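Working notes, beginning with the structure itself.
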Amino acid sequence: MTQQTQRLAEVRWDPRALDAKWQARWDRDGLYRWHADGRGEKWYELTMYPYPSGDLHIGHWYAYAPYDAHVRFQRMSGKNVLAPFGFDAFGLPAENAAIRRGIHPHTWTMGNIENMRRQIRSMGCAFTWDQEVVCCLPEFYRWNQWLFLQFFKHGLAYRTRAPAVWCPSCQTVLANEQVVAGRCERCETPITRREMDQWFLRTTRYAEQLLDFSGLVDWPEKILLMQRNWIGRSPGVEVAFDISHLGLEEKGLRVFTTRVDTLYGVTFMVLAPEHPLVPKLTSPERRAAVEAYVEEARRKSDIERLSTEREKTGEFLGTYCINPVNGERVQLFTADYAVAWYATGAVMGVPAHDQRDFDFAKQYGLPVRVVIAPPDWKGAPLAQAYVAEGVHVNSGQFDGMPNSRGVEAMADHLERTGKGKRVITYRMRDWLISRQRYWGTPIPIIYCEKCGTLPVPEGQLPVLLPEDVEFKPTGDSPLARHEGFMRTRCPQCGGEARRESNTIDTFVDSSWYFLRYLSPHDLQHPWDPELARKWLPVDQYTGGAEHAVMHLLYARFFIKALRDMGLVGFGEPFLRLYNQGVILGEDHEKMSKSRGNVVAPDDYVQQLGADVVRCYLMFLGPWDRGGPWSTAGINGAARWLNRVWELMARDPAEQGRDEANPEAERALRSAVHRTLKKVTGDVGAFQFNTAIAAMMELSNAMQDAWEERKAGVAVWREAQESFLLMLAPLAPHLAEELWEKTGRAYSVHQQPWPKWDESLVAAQTITLVVQVNGRVRDRLTVPAGITEAEAKEQAMASANAQKHIGSAQVRQVVYVPGRLVNVVVG
RNA sequence: GCCGGGGUGGCGAAAUGGCAGACGCGGAGGACUUAAAAUCCUCAGCCCGCAAGGGCGUGUGGGUUCAAAUCCCACCCUCGGCACCA
């Protein structure tokens with residue numbers, strides 16, 4: 001309920017007229033058009049394209065305004081910049097709108113794009129609009145299909161039946177990455193599982209390469225860590241437990257363990273309820289109980305199943321397997337604490353050395369056998385699993401060995417005897433890309449009864465989305481009910497065939513959209529190979545950290561795969577990454593409609609102009625941390641720009657004196673050059689808040705200098721000019737207007753970024769701090785070039801320092817050049 | 001539970017071994033005004049003091065150092081990620 005309690009300040013210019021004037025002019029003059037062969041080092045600076053939800057949120061402003069300032073700064077710094085923009089235009093909300101309100105997804109999406117394009121233009125961003133990409137247009141998605149076929153050809157796209165993650169609300173399967181804490185990432189509905197035929201991309205083949213971040217120039221450590229955790233590399237040993245006595249086709253039950261050293265401690269075996277061997281290994285007398293258990297597990301949501309608080313449950317299968325190291329019979333159980341999708345889906349139960357197994361063993365009265373002795377262990381039963389280091393006991397030939405060596409020794413032994421092998425297991429799964437929805441790229445596959453699964457011939461692309469479709473949510477793709485779409489001819493035998501009815505996950509679009517920006521309307525190639533050679537990879541990428549293991553991981557996978565297919569010449573899509581933080585509501589809470597704390601940027605832009613909103617967002621705190629919106633805060637930005645407006649428009653001749661005061665002039669120039677240095681470093685490093693603070697200090701200093709009337713016209717001009725150049729990336733409209741008003745040649749945005757003079761950066765006098773025993777007792781103004789001896793002498797002579805030194809013995813005098821003298825007494 | 005970021009005035013924050021609180025918001029007082037708004041000036045971490053000055057102060061407790069918001073150890077809170085991963 002944080003209604004706008006604060007009144008908005010008034011700005012001294014007409015914000016709507018000023019914004020419109022310059023936006024039209026820049027547009028007309030093609031100021032931000034991309035010249036692929038233009039002068040200057042190429043610089044591809046990309047911001048994550050938005051989903052066209054219909055309205056520009058303050059979060060979009062927070063993502064794009066600082067990004068734009070950085071882009072403009074790079075341009076002024078002499079780089080040849082590509083800064084494209086587009087729309088992630090396929091996806092569920094469009095289809096949901098169609099279901100709810102009967103608007104066609106295409107109509108809804110394109111209308112939203114038009115509106116958002118207008119809103120984004122109102123920010124005054126220097127995007128290269130000519131390169132715009134809209135994913136839902138056939139000119140884009142035909143290449144999605146083409147790329148899918150390349151993956152298919154290279155064995156990187158495949159179809160299989162698997163218990164896929166299902167969102168009952170979105171009525172589609174999801175990728176593992178789209179599940180957050182057992183819920184759909186998009187609508188927070190608890191997910192279930194469904195056995196379905198699905199298309200996958202073989203991301204796991206690249207697991208090892210995706211863990212190699214050496215090709216990146218500058219990514220946040222946090223994102224690397226999240227990707228590392230997601231991939232979840234785990235080296236261990238796969239061991240086969242003999243089941244040949246059961247007379248099945250399968251002779252062994254494979255388990256994966258990272259603790260092969262505990263192999264002698266196995267007292268039971270657990271199979272996930274969905275494990276394919278569960279039915280085969282169940283004895284007739286146990287069948288009813290086991291089937292009931294499996295059925296119950298199937299019904300439970302992942303949230304219920306994965307709760308670690310739950311008591312362990314399971315069912316005895318009535319059969320046994322044989323431990324390969326000691327020949328013991330081991331009881332087989334199914335229990336839902338084993339998950340089917342990880343490793344082999346079966347776990348060896350070592351209750352003495354794994355807490356989960358311990359809990360299960362307690363529950364079912366299974367034996368606990370210690371094989372790694374805790375220090376000073378006398379054979380007493382354990383109260384909980386012992387997971388630390390120790391020495392092997394009850395482990396045959398390995399007794400007496402420290403278990404750290406036992407891990408290697410047993411792995412060697414198993415490999416020698418052919419009963420096991422070292423393997424690396426990954427947590428990451430292959431990427432499930434088929435969706436049972438309409439508003440996406442149709443998967444270009446044809447099913448022929450005679451010829452099987454066939455790719456649509458490239459010459460027949462694109463497979464267009466039919467327009468006349470019924471959008472009822474049924475759990476299957478609306479395309480499946482469109483006979484005109486489904487019915488086709490087999491490209492091989494010419495007989496009747498059916499099309500694939502699923503569409504492609506929109507994260508495929510974003511895995512390569514940055515390549516399409518180079519030549520968005522090219523009908524011959526997905527991207528222009530010449531331009532790609534020159535312009536890729538992306539030099540700087542900015543966007544939210546929420547895409548750490550989805551978009552960013554998929555895109556890295558995609559590019560590595562394209563590289564291996566010979567389609568691109570680089571292996572990492574984004575060299576540098578910067579994640580902006582999240583803008584919160586005025587109440588410091590996450591913005592949401594239900595909290596009523598959502599800030600609508602349009603209102604502020606209308607009243608205060610784009611530049612005020614931009615500057616405030618950059619000033620409110622470090623960009624990567626985000627922070628709460630403040631109406632009072634934005635008034636501060638408006639007031640500052642008001643002062644700037646008035647100060648910069650002044651005619652230096654009005655106050656400039658004929659005989660200027662050299663010291664005052666030097667002080668003003670020094671302030672200007674110090675600010676140039678600071679702002680150059682800060683804006684380059686995305687530290688906009690401190691850059692603006694430094695500019696506020698400079699404008700304050702200039703105001704003081706004006707009142708003192710000691711600086712000459714030339715110095716004053718230099719100060720004004722430098723200020724406006726620094727202001728240009730931050731407040732582009734205002735800077736341009738003032739640049740014009742002060743008689744300078746259009747455009748401020750085409751000026752070179754100003755350089756500072758290092759000799760002017762250094763101050764002439766410094767404040768020397770005098771400490772006694774680390775406490776500040778005096779401050780002296782001394783020449784910057786003061787010698788150590790002089791500094792110490794003056795410090796000792798300070799009356800207040802003397803008072804604290806008194807008659808005590810001076811033990812040490814620490815001198816920090818240019819900063820302080822610390823007299824240590826006592 | 002594990003991993004990572006963060007904790008500094010009334011608020012957003014700055015300072016990454018050397019003057020804590022730059023810059024801004026909010027606040028108080030003053031100028032201008034018939035008045036208000038806007039604008040400008042002054043004050044402003046807390047405590048004692050008329051002042052000069054002094055004491056205390058960067059989540060908590062300890063440590064290293066001439067000197068710690070900053071480095072080290074332990075803990076608390078908070079935000080994010082992962083979580084029965086064998």
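The values are calculated or read from the model by the stated rules, or taken from the named source; none is laboratory data. Remember, predicted model here, so these are calculated numbers, not experimental data. All Cβ positions, glycine included, derive from the backbone under ideal geometry; neighbour counts span all protein chains shown. Note: areas computed on protein heavy atoms with side chains; ligands, DNA, RNA excluded. Shrake-Rupley method; radii C 1.70, N 1.55, O 1.52, S 1.80 Å.
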*Going by alpha carbons, how many degrees (0 to 90, nearest 10) lie between the helix axis of A:551-564 and the longest principal axis of chain A?*
70
_Lys, Arg +1 and Asp, Glu -1 on Cβ, resulting dipole of chain A about Cα centre, debye, nearest 20_ = 700
*Under 29 Å Cα-Cα from A:Lys280, which lysines qualify once same-chain neighbours fewer than 8 residues away are excluded?*
A:Lys251, A:Lys300, A:Lys312, A:Lys362, A:Lys419, A:Lys421
*Excluding ligands, DNA and RNA, what is the solvent-accessible area per residue of the range A:765-825 at a probe of 1.4 Å, expressed in Å²?*
60
*Could you tell me what percent of the accessible area of the range A:633-695 is made up of carbon and sulfur, with a 1.4 Å probe and every protein chain present?*
46
*Percent of accessible area on the range A:233-426 owned by carbon and sulfur, 1.4 Å probe?*
52
*Give the cross-link partners of A:Lys803 among the lysines, using a straight C-alpha distance below 30 Å as the criterion and excluding same-chain residues fewer than 8 apart.*
A:Lys792
*Loop-only check: which GluC sites (Glu not before Pro) in the range A:1-106 are DSSP coil with at most 14 other Cβ within 10 angstrom?*
A:Glu10, A:Glu41
*Taking amide H positions as placed 1.01 Å from N in the peptide plane, with prolines and chain starts having none, which residues 5 or more places from A:Arg233, or on another chain, fall under 5 Å of its amide H?*
A:Arg427
*State to the nearest 20 debye the size of the charge dipole of the range A:212-312 about its Cα centre, where the only charges are +1 on K and R beta carbons and -1 on D and E beta carbons.*
120
_Please list 3J(HN,Hα) in residue order for the range A:147-152, calculated via the Karplus relation 6.51 cos²θ - 1.76 cosθ + 1.60 where θ = phi - 60°; whole Hz, with x for glycine and proline._
5, 4, 5, 5, 4, 4
*With N set to the residue count of chain A, report its C-alpha Rg divided by 2.2 N^0.38 Å to two decimal places.*
1.21
*Taking the Cα centre of each part, how many Å lie between the range A:522-591 and the range A:334-399?*
45
*asked:* Per residue, how much accessible surface does the range A:601-761 expose to a 1.4 Å probe? Answer in Å², no decimals.
replied: 38
*Return the carbon/sulfur percentage of the accessible area of the range A:765-825, one whole number, probe 1.4 Å, all protein chains in place.*
47
*HN-Hα J in Hz across the range A:697-713 - Karplus 6.51, -1.76, 1.60, θ = phi - 60°, x for Gly and Pro*: 4, 5, 5, 5, 5, 5, 4, 4, 4, 4, 5, 6, 6, 10, 9, x, 4
*Averaging sequence separations of C-alpha pairs under 8 Å and six or more residues apart, then dividing by the length of the range A:35-151, give the relative contact order as a whole percent.*
33
*Can you give the helix-only mean residue ellipticity at 222 nm for chain A, where every DSSP H stretch with n ≥ 4 adds -39500 (n - 2.57) and the sum goes over all residues, rounded to the nearest 500 deg cm²/dmol?*
-11000 deg cm²/dmol
*Using the Karplus curve 6.51 cos²θ - 1.76 cosθ + 1.60 with θ = phi - 60°, work out ³J(HN,Hα) for each residue of the range A:680-693 in order, rounded to whole Hz, and write x for Gly and Pro.*
4, x, 5, 5, x, 9, 6, 9, 5, 4, 6, 5, 5, 4
*Alpha carbons only, please: Rg and Dmax for the range A:233-426, in angstrom.*
16.3, 47
*Rounded to the nearest 10 degrees, what's the angle between the helix A:221-231 long axis and the longest principal axis of chain A, both from Cα atoms, 0 to 90?*
10
*Determine which aspartates and glutamates satisfy two conditions relative to A:Lys378: a Cα distance under 17 Å, and not lying fewer than 8 residues away in the same chain.*
A:Glu389, A:Asp399
*What's the angle, to the nearest 10 degrees (0 to 90), between helix A:355-364's Cα axis and the longest principal axis of chain A?*
40
_Label-reachable residues, the range A:424-462, where backbone N falls under 19 Å from a point 7 Å from A:Cys493's Cα toward its Cβ_ = A:445-457
_5 angstrom amide H check on A:Leu577, placed H, neighbours 5+ away_ = A:Asp218, A:Trp219, A:Tyr541
*For the range A:183-251, run through the trypsin sites (Lys or Arg not before Pro) and keep only the ones in DSSP coil with at most 10 other Cβ atoms within 10 Å of their Cβ.*
none
_Rounded to whole Å, give me the distance from the Cα center of the range A:442-506 to that of the range A:199-222._
32
